[in-house]
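The values are calculated or read from the model by the stated rules, or taken from the named source; none is laboratory data. Just so it is clear, the structure is predicted and the values come from calculations on it, not from any experiment. Reconstructed Cβ throughout: ideal geometry from the backbone, glycine too, with neighbour counts over all protein chains shown.
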Amino acid sequence: MRKALLIAELSLREAVRKRLVVVLLLLTAAFVGFYLYGVWRLEGTLAQRAIDAGLESRSSTGAANIPIMYAALFGMYLVFFLGSLMAVLSTVGAVSADVENGVMQSVLARPIRRAELVAGRWLGFTLVNVGYVALVSAALLGGIAALTGYVPPDALPAVGLILLAVALLTALTVLGSTLFTTLANGIGVFVLYGAGFAGGILTAIGSFSDSPTLLTLGRVASVLMPTNSLWLGATYHLQPEVLRQLGAASRGANPLFSTDPIAPGMVLWAALYAALAIGLAMWRFSRRDL
Amino acid sequence: MSATIETRELRKVYRGRAVVDGLSLTVGEGEVFGFLGPNGAGKSTTVKMLLGLVRPSGGEVRVLGGSPDDPGVRAQLGFLPEQFRFQTWMTGEEFLTFHGRLAGLAAAEVRTRVPEVLARVGLAGRGREALGGYSKGMLQRAGLAAAILARPRLVFLDEPTSALDPIGRVEVREIIEALRGEGVAVFLNSHLLAEVEQVCDRVAFVKAGRVLRQGTLRELTGGVVPVEVVVDTLSAELRAALARLAEVRHIDENVPGRAALELWVGREDILPALADAIHEHGARLYTLNPRRPDLETMFLDLMDHPASAPEVARA
């Protein structure tokens, strides 16, 4: 375990020293600032309209505030998407890149078990990726709250589900990194991510059109890659009642948001899936020739 | 002799092709062992199997009395890979500190040991520079520092001087000799045969994944010492006297006033008798030079005619 923590520490230092963290923070600050500027202008417009309509104030949970609610929802979708990209791109060569460039030989000639190395890489990159998404989520939701006074009803469980999705993506990318070349791994994990997204779309269309076949295909894709289901589960917690009613009225026609909470079994499966991926990565890498 | 490395019928098969095919060798405690062979002979794969980086397809391998899969065994090994690629975002000191911690050294020992090994490989004062700014030679020196950092009992050096200038090569030779003096065994994989001749106690020649011959240089040459002799004149009596002491392999009298002979003697203590015989027959001695066995000639001969090579001291 001590060696795994040493490798995790190495991964964190590597992320900092290669300026991955600095570049990410700067670009993310630019993104969040840009987005919040738009929200601030939107808030100003809505407030002016309320004054023009002779209202003293508007409810943060009422229909008049729906644009702000959607701004928070779509903002979190961007955070989820950026976090997913970050999880894959930062981790794609976690093991394979060091194997390909020869660094791994001198490391594994040391008294460290390969399983410890994989665990350390996963832990290090998970801390970076999860920490990043948690930070950006807090910045975005905190910024919206500061500018508009609007706070989504259950932000913490929503962010928790997004973080689980990021941890799962990181685990699957580490697994791919022990099985494939860096490039093949990147392509593979993005295709898998796309399969999960396709599952959400198929489920939405299947639900809208009452098609059992599409619903089954959607469920299969979601089990294969639960990240989209986790996002949809997060959107349930991010929406106030007024948005859920709107969604229910449209029979789930919007594939990006859900009006139903995620099944607990799916959350458990996602966590188990991540653990299985890391376990498989440890087992596979322990038996691989370098 | 207790064995530091012992392999028996070691095999590695990749996609139906045997890269290492029944390789048996023994390396003793504190011995500097040269591992020689042409490209594609299976040398690197053998080294990787000895380090636990590659799993054998068959046969047995024991390193320091255990399996290289055991971290306890690897804790006593040092390794400089042929492709010395390291984390170039680290400084030299960070790189060595990381490897020291991986090897299980205590923090205090790492702090004292890192400057010691940096100085030993000629990188004193350069430890705070990023490895990304090192030249190839400096990177190889850093790799060598990492290999000897944790006071190993056995060091694998894969082409340790490939990026070094002549001064660096001499320094590496001195480090290898110092390791031998400390009782550390060295497994040297090198194409520089002159280098191997100078430092190795024993060598093994491999081809197509098999050991063709292994032993000391003396054993590999059948115990013969080639001697170069140059005198001013070679009388029939002197020639007969020399023939009684040694096997006369070649005589060259093309240069006026000089006769050059190549003699093979069975033991080094015959050399003074050669000088006495020359003196007693009234000839003037210009050269009496016992040569070390010529590894390059032996290597080329073995690679061209492996079937003619008798096995020496096979494990």
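Does B:VAL63 satisfy the criteria of being farther than 24 Å from A:GLU9 by Cα and at the interface with chain A (Cβ under 8 Å from one of its Cβ atoms)? Answer is no for this residue.
Note on segment B:66-83: residues that are under 25 Å from B:MET138 (Cα atoms), more than 7 Å from chain A (Cβ to nearest Cβ) and in contact with a helix residue (DSSP H, G or I) (Cβ under 6 Å, 6 or more places away or on another chain) total 2. Restricted to segment A:1-51, and to residues there that are among the small types (Gly, Ala, Ser) and more than 14 Å from chain B (Cβ to nearest Cβ), the residue that is farthest from A:SER90 (Cα to Cα) is A:ALA50.
In segment B:90-145, of all residues being within 12 Å of another protein chain (Cβ to nearest Cβ) and outside any helix (DSSP H, G or I), the one that is farthest from A:ARG114 (Cα to Cα) corresponds to B:ALA130.
Entry remark, segment A:1-13: residues being more than 22 Å from the chain's Cα centre (by Cα) and either over 14 Å from A:ARG113 (Cβ atoms) or part of a helix (DSSP H, G or I) (or both) number 9 in total. Taking first residues from segment A:247-266 that are outside any loop (DSSP other than H, G, I, E, B) and partners that are of a type in the set (S, T, N, Q), the Cβ contacts under 6 Å between residues at least 6 apart in sequence or on separate chains come to A:GLY247/A:THR259; A:ALA248/A:THR259; A:MET266/A:SER229. Of the residues A:VAL118, A:VAL79, A:VAL107, A:VAL88, the single one that is assigned to a helix (DSSP H, G or I), within 24 Å of B:ARG101 (Cβ to Cβ) and touching a residue at least 40 places away in the same chain (Cβ under 8 Å) is A:VAL118. Within segment A:202-222, being surrounded by fewer than 16 Cβ atoms within 10 Å (Cβ to Cβ) and at negative phi holds for A:PHE208, A:SER209, A:SER211, A:PRO212, A:THR213, A:THR216, A:VAL220.
Of all the criteria given as (1) within 14 Å of chain B (Cβ to nearest Cβ); (2) part of a helix (DSSP H, G or I); (3) of a type outside the set (Ser, Thr, Tyr); (4) without any contact (Cβ under 8 Å) to a residue 40 or more places away in the chain, the one not satisfied by A:ASP289 is (2). Could you check, for segment B:41-60, whether at least one of its residues is under 18 Å from the mean Cα position of the chain (by Cα), more than 10 Å from chain A (Cβ to nearest Cβ) and at positive phi? Within segment B:41-60, one or more residues are under 18 Å from the mean Cα position of the chain (by Cα), more than 10 Å from chain A (Cβ to nearest Cβ) and at positive phi. For the structure I just gave you, tell me whether B:PHE86 is in contact with a helix residue (DSSP H, G or I) (Cβ under 8 Å, 6 or more places away or on another chain), at the interface with chain A (Cβ under 9 Å from one of its Cβ atoms), among the aromatic types (Phe, Trp, Tyr) and part of a strand (DSSP E or B). Criteria not met by B:PHE86.
Conditions (1) modelled with pLDDT of 90 or more; (2) over 18 Å from A:VAL133 (Cα atoms), marked per residue:
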| position | (1), (2) |
| --- | --- |
| A:ASN65 | no, yes |
| A:LEU73 | yes, no |
| A:PHE80 | yes, no |
| A:LEU89 | yes, no |
| A:GLN105 | yes, yes |
